[in-house]
Amino acid sequence: MKLSSFGKKLTSGSGIVGLMEDLGSALNENPEMIFMGGGNPARIPEMEAVFNNQYKKLSADPEQLYSTTGVYQSPQGELGFRRDIAVMLKNQFGWQVSEANIAISNGSQSAFYILFNLLAGQMPDGTFKSIHLPLTPEYIGYNDLGLSEKFFTGSKPDIELIGDHQFKYHVNFDELSVGEDTAAFCVSRPTNPTANVLTDNEISHLDQIAQQADIPLIIDGAYGVPFPNINFVDAAPHWNSNTILVLSLSKLGLPGVRTGIVVASKEIIQAFSSANTVINLASGNIGPSLTRELFASGKIVELSKKYVQPFYQQRSQQVMALFKQTMSDIPCRIHLSEGAIFLWLWFEGLPITSEELYQRLKQRGVLVVSGHHFFAGIDHQWPHQHECIRVSYVQNLNAIEQGVKIIAEEANIAYQQG
Ligand SMILES: Cc1ncc(COP(=O)(O)O)c(C=O)c1O
């Protein structure tokens with residue numbers, strides 16, 4: 001088989017491909033593996049009950065079932081669903097949005113593919129623009145989305161050391177410059193992989209720089225406000241017409257329905273819808289049908305606060321405590337757990353790379369993700385890139401406890417060998 005450059009790019013074993021393979025095989029084929037790798041959300045019984053109830057209602061109503069499965073909705077997404085989302089955002093946050101500011105995608109991952117390539121890459125005058133990540137480490141899933149080379153640039157963060165065992169990243173505004181070749185800023189908030197939440201000040205500063213440079217600020221809200229609200233610190237939701245906010249139903253517990261929601265200016269939404277038509281014809285209807293009532297009543301925000309956020313916050317505290325007990329003798333710092341569904345561990349001066357540590361842990365039946373995948377746009381000379389791992393804490397707590405012990409053992413062995 002002869003692959004095109006596009007084919008080669010998408011099949012060359014990128015981080016996200018390996019990660020999803022690990023996820024698929026651990027969750028479906030090797031359930032004995034201790035799975036602390038990919039970003040599958042947890043099973044939260046109360047949320048499952050809500051969705052099951054919606055599903056029953058849907059399947060009992062032939063007309064609704066037909067409009068869900070028997071018709072292509074508009075490429076921008078079903079009008080009523082977009083209206084309900086817009087009303088909810090307007091009522092709850094005062095954002096000046098209507099259905100014309102909302103588009104539905106097949107998962108937020110595919111929304112990023114379209115948005116990034118709409119804005120960056122080769123421009124009509126032959127020059128190239130890139131997406132700038134103001135604070136890397138950033139989401140592994142962005143890495144290979146760009147259709148041209150050097151698609152991302154990234155800024156290293158400031159690192160605040162907190163006590164002996166914790167730290168927090170901050171945007172380094174002194175180093176953040178916007179060039180002619182910057183197409184947009186993109187940040188995930190809360191951040192995958194680090195559990196960082198950019199402060200309101202950081203967001204308004206980024207917004208100000210983006211507006212001055214006339215480039216959009218893309219905020220990836222897969223874990224954030226207003227839903228699923230996996231946010232353990234105060235963080236105001238942010239949107240204005242220069243912001244592209246990308247939301248998802250996945251981390252509410254619905255990764256299988258593949259529904260993303262883009263909130264942006266009308267111009268961006270129109271461009272997005274045209275591209276979505278070419279690539280997908282239309283987006284899937286099941287996510288919108290299952291959740292429409294929850295948006296119309298505003299319950300989606302309430303449920304996130306009542307069930308989703310507390311589940312992850314409690315779990316994060318439990319697993320953080322386990323790591324603190326087990327790793328007190330190891331030079332390991334954990335990023336403050338401010339949101340999302342991961343802990344980010346930094347093994348300072350680790351004598352082996354984080355990739356090697358990942359391999360050794362996999363041999364021992366524990367799946368994590370090596371941190372080096374999360375530094376798109378950064379040169380490869382920074383040791384920190386090879387000293388971190390991301391662990392997810394959503395699976396069964398007994399298994400996680402086992403996993404924490406094995407991670408501590410392997411890190412200890414690595415330091416001793418070094
Ligand atoms: C930060 C972030 N953005 C986007 C996505 C894509 O999610 P989905 O395509 O399921 O909406 C993920 C998935 O894990 C994520 O962690």
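Here, each number is a calculation from the coordinates, and none is a lab measurement. These numbers come from a predicted model, not from an experiment. Here the Cβ positions follow ideal geometry from the backbone for every residue, glycine too, while neighbour counts run over all protein chains shown.
Observations
- Order by protection proxy (mean Cβ within 10 Å, highest first), peptides 226-233, 352-359: 226-233, 352-359
- In the stretch 201-270, taking the dipole from charged Cβ atoms about the Cα centre, the farthest positive-side position among 212, 259, 222 is held by 259.
- Between the listed residues 337, 75, 414, the Cα displaced farthest toward the positive end of the dipole of the chain, a dipole computed from Cβ unit charges relative to the Cα centre, is found at 75.
- Classified by the C-alpha gyration tensor, the stretch 71-300 has an oblate form. Its axis ratio a/c, with a ≥ b ≥ c, is 1.5 or above, and a/b does not exceed b/c.
- Counting DSSP beta bridges with both ends in the chain, the antiparallel % (nearest 5): 60
- For residue 74, the residues whose amide H sits under 5 Å from its own are 79, ignoring neighbours fewer than 5 places away on the same chain, with H placed 1.01 Å from N.
- Exposure proxy ranking, count of Cβ atoms within 10 Å, fewest first, for 346, 382: 382, 346
- Relative contact order of the stretch 142-202, defined on C-alpha pairs under 8 angstrom at six or more residues apart (%): 20
- Pairwise FRET efficiency - residue 64 versus residue 412, Cβ, R0 = 56 Å, nearest 0.05: 0.50
- Rounded tilt (10° steps) of 200-213 against the dominant C-alpha axis of the chain: 60
- Rel. contact order, % - alpha carbon contacts under 8 angstrom, at least six apart, the chain: 23
- Computing FRET efficiency as 1/(1 + (r/R0)^6) for residue 313 and residue 125, where r is the C-beta to C-beta distance and R0 is 60 Å, gives about 0.80.
- Evaluated with a Cβ-only charge set (Lys, Arg +1; Asp, Glu -1), the chain carries a dipole of roughly 1020 debye about its Cα centre, given to the nearest 20.
- Degrees, to the nearest 10: 286-296 long Cα axis against longest axis of the chain: 80
- 0 to 90° range, to nearest 10: angle between helix 79-93 axis and the chain longest Cα axis: 60
- 3J(HN,Hα) couplings calculated from phi for the stretch 265-280 with the Karplus curve 6.51 cos²θ - 1.76 cosθ + 1.60 (θ = phi - 60°) are, in sequence order, 4, 4, 5, 5, 5, 5, 4, 4, 5, 4, 5, 5, 5, 4, 7, 10 Hz; Gly and Pro show x.
- Size of electric dipole in the stretch 71-300: Cβ of Lys, Arg +1 and of Asp, Glu -1, about Cα centre, debye, nearest 20: 900
- Beta bridges per DSSP with both ends in the stretch 97-173, % antiparallel, nearest 5: 70
- Centre separation in Å (Cα based) which lies between the stretch 107-133 and the stretch 354-372: 32
- Here the spin labels are modelled as points 7 Å beyond Cα on the Cα-Cβ line, and at residue 160 and residue 8 they lie 4.5 nm apart.
- Normalised contact order of the stretch 185-343, rounded percent, pairs of Cα under 8 Å and 6 or more residues apart: 31
- For the residues 333, 189, 360, a GNM of the chain with alpha-carbon springs under 10 Å puts the largest fluctuation on 360.
- Using a Gaussian network model of the chain in which every pair of alpha carbons under 10 angstrom is joined by a spring, one finds that among 179, 365, 253 the greatest mean-square fluctuation is at 179.
- For the stretch 71-300, the share of DSSP beta bridges that are antiparallel, to the nearest 5, is 50%.
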